[in-house]
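Presented below is the structure to which this report refers.
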């Protein structure tokens, strides 16, 4: 299989999960798609290196997180005025949105490092060793970040409301 075909197959298989990981890191859907596209552009330029990496998915997630951090450093994400307000959604539409909003608010309360650890562990399903490699930290640090993040999420009032507590 040629390098171009291998890359195309990888992108086709991993695009949805990479976009979702970017959303969970804190991007809107359009920002997430741009972030993943930029990540994959960088990976394409070094595809020979990525292809032979011990864990290709961990390598790509590391590039994704680096791109995310770099983009947040440069971009202002404050409120922007709109000429026209969006229509009000119906009650049926808001139930799922409320749950998603509660989860996103809870994730927003985590530090950047904790949020990255939660996304890599529970969404990307990376092992602690893979996460340590992706984040460039010791395995013990991964465990402590996850423990602190899970404690913060367990005490979050928005998530407590979802659990019915």
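The values are calculated or read from the model by the stated rules, or taken from the named source; none is laboratory data. Quantities reported herein were computed from a predicted structural model and do not represent experimental measurements. Note that each Cβ is placed from the backbone with ideal geometry, even for glycine, and that neighbours are counted across all protein chains shown.
Listing for the model above:
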read-out: Conditions (1) assigned to a helix (DSSP H, G or I); (2) over 19 Å from residue 110 (Cβ atoms); (3) modelled with pLDDT under 90: number failed by residue 82; value: (1)
read-out: Qualifying residue in the range 117-140 (condition: farther than 20 Å from residue 63 by Cα, at pLDDT 90 or above and more than 16 Å from the chain's Cα centre (by Cα)); value: yes
read-out: Helices (runs of 4 or more DSSP H) contained entirely in the range 95-165, each with at least 3 residues that are touching a helix residue (DSSP H, G or I) at 6+ places or on another chain (Cβ under 8 Å) and free of Cβ contacts under 8 Å to residues at least 24 places away in the same chain; value: 128-135, 139-154
read-out: Qualifying residue in the range 28-39 (condition: out of contact with any strand residue (DSSP E or B) (no Cβ under 9 Å at 6 or more places or on another chain), without any contact (Cβ under 8 Å) to a residue 24 or more places away in the chain, assigned to a helix (DSSP H, G or I) and buried (at least 20 other Cβ atoms within 10 Å of the Cβ)); value: yes
